[in-house]
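Every read-out reported here was derived from the displayed coordinates using simple, explicitly stated rules and does not represent laboratory data. As the structure is a computational prediction, the values presented were derived from the model and not from experiment. Here the Cβ is made from the backbone with ideal geometry for all residues, glycine too, and neighbour counts use every protein chain on show.
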Amino acid sequence: MASIPKASIKKFVKRRFNANITDEGAEEIVKILEEKANDISKYAVSNAKKDRREKVTRSDVMKYVIKEL
């Protein structure tokens with residue numbers, strides 16, 4: 001499975017918050033983001049299939065987000 005690059009997380013934290021993050025901290029963020037992306041994708045694909053579509057739309061993703069609120 002493709003992984004979110006740890007370096008991207010480190011750059012994001014540096015640019016957004018002007019702070020450094022350890023490798024372990026970046027790895028933990030990657031782990032959490034990948035788990036959440038998996039949950040969202042699974043829900044969105046299921047929703048698209050339910051509507052008999054092959055493509056997942058923004059609407060499918062947003063339904064997950066609204067459900068989680």
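Might you report the magnitude of the Cβ-based charge dipole of the range 6-68 about its Cα centre, with Lys and Arg at +1 and Asp and Glu at -1, to the nearest 20 debye?
On the way: 17 positive and 11 negative charges, 86 e Å.
Approximately 420 debye in magnitude.
Between Lys36 and Arg53, the simple spin-label model (points 7 angstrom out along Cα→Cβ) gives 2.3 nm.
Going from the alpha-carbon gyration tensor of the chain, what semi-axes, largest first and in whole Å, does one get by taking the root of 5 times each eigenvalue? Display every interim value, and only then the final one.
Numbers: eigenvalues 183, 30, 20 Å².
Semi-axes, largest first: 30, 12, 10 Å.
The lysines whose alpha-carbon is closer than 20 Å to the alpha-carbon of Lys11, local same-chain residues fewer than 8 away aside, are Lys31.
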